[in-house]
Amino acid sequence: MFPLMGLVFMVIVLSLYFGSRNYPIQGGHYDEVEDLRRQIRELKEEIENLKKRSVWRPDMPIRPEDLMSRTEVEDAVIRMFVATDERDWPAVESCFTEPLTLDMTSMVGGSPATMTPRQVANAWAEGFKTLDHVHHQVGNFQTRVDGQRATVRCHGVAFQYRAGIAAAVKSRTFVGTYEIELSRHSDRWLINRLTFKLKFIDGNLELEKAA
């Protein structure tokens, strides 16, 4: 939000300066003025590009309740990742609607699966059983709230580690993007669709099988 607001402010100031007065162009000043005008044009183009990529626009009013809803949505997403890392499976289940859609096709192929929260928690518990540590780190949130529904797109890195194995490489890292859909139920936001789009995997690709 802040880089875009800064660009808007700069364009307004420069445009007012050159648009509201007859700037004297004398001698060597002509090139300087033309350079500043060129900078204004480039700033305006950058603002238009940022508008297309950003969830915020200058014409969108920011209300305290909007910020509160966005924080609640992002907290719901973070709560799910923290509960997973702590292997608090009842807490993981409480983060989802029933049923929900789990889309890990970028890693395993096939089609998105419709599952219950209990099935998701059991699958993750089984998959992480041999791992000593699991750590998810998410950021660069792009969050949209529309009434009782919300979407979150964020970057994510998942680290997995096994200490007691003979293999030289004792960890594995998944890097990708999460696309998450949520709906509001009473006073809570719950995840109804979780999609992971894998970019790459690094480390021991058979970590769970290593002896």
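The values are calculated or read from the model by the stated rules, or taken from the named source; none is laboratory data. These numbers were taken from a predicted model, which means no experiment stands behind them. Using ideal geometry, Cβ is built from the backbone for each residue, glycine included, and neighbour counts are taken over all protein chains shown.
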Apart from one, (1) surrounded by fewer than 17 Cβ atoms within 10 Å (Cβ to Cβ); (2) within 20 Å of Ala91 (Cβ to Cβ) all hold for Ile180; the odd one out is (1)
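Just the residues that are outside any loop (DSSP other than H, G, I, E, B) and surrounded by fewer than 14 Cβ atoms within 10 Å (Cβ to Cβ), please, taken from the range 124-134.
Of the range 124-134, the ones outside any loop (DSSP other than H, G, I, E, B) are 124-127, 133-134.
Once the filter is applied, which keeps residues that are outside any loop (DSSP other than H, G, I, E, B) and surrounded by fewer than 14 Cβ atoms within 10 Å (Cβ to Cβ), the range 124-134 yields Ala125, Glu126, Gly127, His133.
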Result of the Cβ filter at 8 Å on the range 59-79, keeping first residues that are within 29 Å of Glu93 (Cβ to Cβ) and assigned by TED's automatic domain parsing to the domain that holds Leu190 and partners that are part of a helix (DSSP H, G or I) and modelled with pLDDT of 95 or more, at least 6 apart or interchain, is Arg79/Ala91
Of (1) among the hydrophobic types (A, V, I, L, M, F, W, C); (2) within 26 Å of Leu67 (Cα to Cα); (3) buried (at least 16 other Cβ atoms within 10 Å of the Cβ), Ala121 satisfies every one except (2)
Glu98 meets each of (1) free of Cβ contacts under 8 Å to residues at least 24 places away in the same chain; (2) surrounded by 16 or more Cβ atoms within 10 Å (Cβ to Cβ) with one exception, condition (2)
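Each row is one residue, and each column tells you yes or no for (1) outside any strand (DSSP E or B); (2) aromatic (Phe, Trp, Tyr); (3) not assigned by TED's automatic domain parsing to the domain that holds Met104.
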{"site": "Phe159", "(1), (2), (3)": "no, yes, no"}
{"site": "Gly164", "(1), (2), (3)": "yes, no, no"}
{"site": "Ala168", "(1), (2), (3)": "yes, no, no"}
{"site": "Val175", "(1), (2), (3)": "no, no, no"}
{"site": "Leu194", "(1), (2), (3)": "no, no, no"}
{"site": "Leu205", "(1), (2), (3)": "yes, no, no"}
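Keeping to the range 29-85, report how many residues are of a type in the set (Val, Ile, Thr), part of a helix (DSSP H, G or I) and at pLDDT below 85.
Going through the range 29-85, the residues of a type in the set (Val, Ile, Thr) turn out to be 33, 40, 47, 55, 62, 71, 73, 77-78, 82, 84.
In the following step, the residues that additionally are part of a helix (DSSP H, G or I) were identified as 33, 40, 47, 71, 73, 77-78, 82, 84.
Narrowing the set further to residues that are at pLDDT below 85 leaves 33, 40, 47.
Within the range 29-85, residues that are of a type in the set (Val, Ile, Thr), part of a helix (DSSP H, G or I) and at pLDDT below 85 number 3.
Determine whether Phe159 is under 26 Å from Pro90 (Cα atoms) and in contact with a strand residue (DSSP E or B) (Cβ under 9 Å, 6 or more places away or on another chain). If you could, list the steps in order and put the result at the bottom.
On the way: under 26 Å from Pro90 (Cα atoms): yes; in contact with a strand residue (DSSP E or B) (Cβ under 9 Å, 6 or more places away or on another chain): yes.
For Phe159, the condition - under 26 Å from Pro90 (Cα atoms) and in contact with a strand residue (DSSP E or B) (Cβ under 9 Å, 6 or more places away or on another chain) - is met.
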